[in-house]
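Here is the structure we will look at.
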Amino acid sequence: MSQETVAVVGAGVIGCSYAASFAAKGYRVRIFDVRDDYESIVRKMLRTQLSEIPSTDVDVAMERVSCLKTLEEAVKDADMVQENGPETVDFKQTMYTALEKFCDSETLFASSSSGITPEVIGAKMKSPERAMIGHPFNPPHVLPIVEVCAVPDAPDELVARLMDFYERAGRVAVRLKKPIDGFVTNRLQYVFQREAIHLVKEGVVDMEGLDKIVMASLGVRWACVGPFLAGQLGGGDGGMRGLLENIFARLDEPMGLQPLSTETLEMIEEQGGKSYPLNKSGEFAMVRDKRQLSVLEALEKNPLPKAD
């Protein structure tokens with residue numbers, strides 16, 4: 001178990017969930033929030049969240065958590081600061097200049113920002129490359145993904161240290177090669193939600209029906225292998241490029257989309273071949289199907305409550 005110290009700044013839903021995740025993994029966790037009465041609320045929330053993390057001794061994990069009254073106390077000598085404050089540029093920029101003042105030069109900084117990019121957050125810092133993104137998917141104590149993003153000219157060693165920290169903390173860390181508004185999870189989520197809303201609005205299907213479709217098809221498959229491996233397997237001998245050219249291309253015109261360029265199709269074929277070689281499709285499919293059956297079994301064992 002690591003005995004590193006993590007400062008969690010901002011004790012809202014995301015901040016508390018991150019704190020629970022770190023405490024469950026053995027880190028000392030210092031929490032700071034500007035609310036005067038936040039400690040009692042946070043400790044109650046943490047107990048609930050910790051009880052949801054498998055194989056966690058809640059009482060032992062709670063002993064690792066401290067609630068501090070000032071930002072300086074919380075972040076002093078911390079190995080890493082996870083900031084979860086309001087999603088406003090002014091707050092982020094003010095916070096990160098303060099963190100730079102109060103923390104050692106080696107302390108890692110990461111924001112849970114859902115869309116503000118690192119170059120904006122660190123614009124007023126002396127060392128702006130220290131402002132990095134550690135964007136989770138809600139709730140972080142349940143879902144392990146964290147999108148790591150830094151300014152393009154950030155030292156690789158600095159980003160690697162943040163990646164290493166998250167991986168040792170049990171998270172699935174993925175480095176984004178460049179900043180983009182909304183990062184990856186939010187952009188994917190938004191596009192999917194917009195099309196779902198469109199289909200309901202057009203009377204193609206109702207809301208409950210669409211959710212059933214996703215839970216019995218795409219949701220299960222993507223949870224098990226993701227959209228690209230799903231496409232590579234779905235395209236048979238042609239891989240994902242074959243699926244796009246022979247099946248999905250027919251939807252371009254009715255959906256008002258521009259056809260994919262040859263360059264894009266070649267990129268997909270090349271990356272797909274490297275990550276998911278077609279000569280191993282049988283092995284990938286076997287794992288996919290075992291995972292899918294497990295997910296479907298879990299859905300059956302945990303039915304949703306009745307609306308009425």
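The values are calculated or read from the model by the stated rules, or taken from the named source; none is laboratory data. Worth saying up front: this structure is predicted, and the values here are computed from it rather than measured. Glycine gets a Cβ as well: all are built from the backbone with ideal geometry, and neighbour counts include every protein chain shown.
Quick look at the values:
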quantity: Matching entry among Lys178, Lys201 (being at pLDDT below 95 and exposed (fewer than 13 other Cβ atoms within 10 Å of the Cβ)); calculated: Lys178
quantity: Among residues of segment 207-266, those that are part of a helix (DSSP H, G or I) and either of a type in the set (Asp, Glu) or touching a His at 6+ places or on another chain (Cβ under 8 Å) (or both), counted; calculated: 6
quantity: Selection within segment 93-115 - surrounded by fewer than 21 Cβ atoms within 10 Å (Cβ to Cβ) and within 17 Å of Lys178 (Cβ to Cβ); calculated: Gly115
quantity: In segment 81-102, the residues that are polar (S, T, N, Q) and touching a Phe, Trp or Tyr at 6+ places or on another chain (Cβ under 7 Å); calculated: Gln82, Asn84
quantity: Members of segment 163-195 found to be part of a helix (DSSP H, G or I), without any contact (Cβ under 8 Å) to a residue 60 or more places away in the chain and within 30 Å of Gly26 (Cα to Cα), listed by number; calculated: Met163, Asp164, Tyr166, Glu167, Val184, Thr185
quantity: Matching residues, segment 253-280, being surrounded by 13 or more Cβ atoms within 10 Å (Cβ to Cβ) and at pLDDT below 95; calculated: none
quantity: Complete set of residues in segment 270-308 that are assigned to a helix (DSSP H, G or I) and more than 21 Å from Arg221 (Cβ to Cβ); calculated: Glu270, Lys274, Asn279
quantity: Hey, Gln292 at negative phi, in contact with a Cys (Cβ under 7 Å, 6 or more places away or on another chain) and polar (S, T, N, Q) or not; calculated: yes
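Table: residues versus (1) in the same structural domain as Tyr27 (by TED's automatic domain parsing); (2) charged (D, E, K, R); (3) within 30 Å of Ser51 (Cβ to Cβ).
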residue	(1), (2), (3)
Glu72	yes, yes, no
Val81	yes, no, yes
Thr88	yes, no, no
Met95	yes, no, no
Ala110	yes, no, yes
Lys124	yes, yes, no
Ile133	yes, no, yes
Pro152	yes, no, no
Val159	yes, no, no
